Amino acid sequence: MNTLGSRASSTCGRAARAASRPLLQRGAWLLAAWLAAGCATAPGLVGPGATGGAPAASVEPGIVRVTHAELRRLEAGRPAPLESEQARRAWVDSLTDYLAERAARLLPEGQRLDVHLRGVQRAGSTEPWRGPQAADLRVVRDIYPPRIDLHFRLRKADGQVLREGERSLSDAAFLMRPNLHSRDDPLRYEKGLIDEWLRKEFEARRG
C-alpha cells in the first residue's frame, strides 16, 4: 500500500527531518518551516488534507488521510494507453490530493477520515481495432464510464468509529451530466464522481 504526499510535503518533510537537531535550534526551525509551508499540525500527525502525513496548506478543519493500492494494480480491468510510472503517479497524486482537500472541508473539527482507493478506472479505454496508433489513445465514450472503488472510515478524535464502509462509485450517464471541472482537466469525470460521493456521504448527512 502506498501513501502519497500533498503539495506541502517537501517543506514539511524537511521540517520532520530536523528532529535530529538540538532542541532549541530545532524548535525555531520547525516553527518557521511549518508556517512557510502552511502546515497545520505538529510532526507525526496527519494534517488537514494530508495524503499520508503531509498537510495541504488551505484546508480546514477536518483531518483526512488518503491511501491507495499499488500503482501497477490500481487501474486494472480495462485497457488503457501505455504510460510511464511517473505519469501514472502524477494523476494518482492529483486525484488523491483532490479527494483529501475536498473531504477535509466537509468534516467537522475533530473528525478524522481515512480513505483507501482499491481501484480506479478512468473514463475511456483504448480501441486497438482503430489502427497502429490506437494504443496511445484513450477513447472516451459512454460505454467506458469512470469507476472508483474505495473503503472509508470516519472517526472521532478519540478513535471511535462513526461510520465506515465500501463504496463503488460509477456513473453510466457521465457524458450527459454537467461537469463543473475544466474541459482541459483529464480527471474531470473522476473528480465528478468524488464530488457526488462526498456530497451524499458527508454534506447531505450534515443537514
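Here are a few things to note about the model shown:
- Hydrodynamic radius (Kirkwood) for region 164-207, which is based on Cα pairs only, to one decimal in Å: 11.6 Å
- Fewest-first ordering of I143, I194, I63 by other beta carbons within 10 Å of each residue's beta carbon gives I143, I194, I63.
- Per-peptide average of other Cβ atoms within 10 Å, ordering 75-86, 104-115, 156-167 highest first: 104-115, 75-86, 156-167
- Kirkwood radius for region 50-207, taken over all pairs of different Cα atoms as the inverse mean of 1/r, rounds to 16.6 Å.
- Region 108-117 - phi-based ³J(HN,Hα) in whole Hz, Karplus 6.51/-1.76/1.60, Gly and Pro as x: x, 4, x, 7, 10, 10, 10, 10, 10, 7
- Look at the dipole of region 124-207 built from charges on Cβ: of W197, Q133, P186, the Cα furthest out on the positive end belongs to W197.
- Kirkwood Rh, angstrom, region 76-121 [1 / mean 1/r, Cα pairs]: 12.7 Å
- Computed from the C-alpha gyration tensor, the three semi-axes of the ellipsoid equivalent to region 110-163 are 40, 9, 7 Å, from longest to shortest.
- Label-point separation in nm, D185 to S94, each point 7 Å along Cα→Cβ: 1.0 nm
- Taking amide hydrogens as placed 1.01 Å from N in the peptide plane, the amide H of T67 sits under 5 Å from those of V115, H116, L117, each at least 5 positions away in sequence or on another chain.
- Amide N proximity, region 108-143 versus T67 label position 7 Å along Cα-to-Cβ, cut-off under 17 Å: 112-120
- Rg(Cα) / (2.2 N^0.38 Å) computed for region 131-207, rounded to two decimals: 1.43
Quick note: the coordinates plus some simple rules give every number you see, no bench work behind them. The shown structure was predicted, so the numbers you read here are calculated from the model rather than taken from an experiment. Don't worry about glycine lacking a Cβ; one is built from the backbone with ideal geometry, like all the others, and counts go over all protein chains shown.
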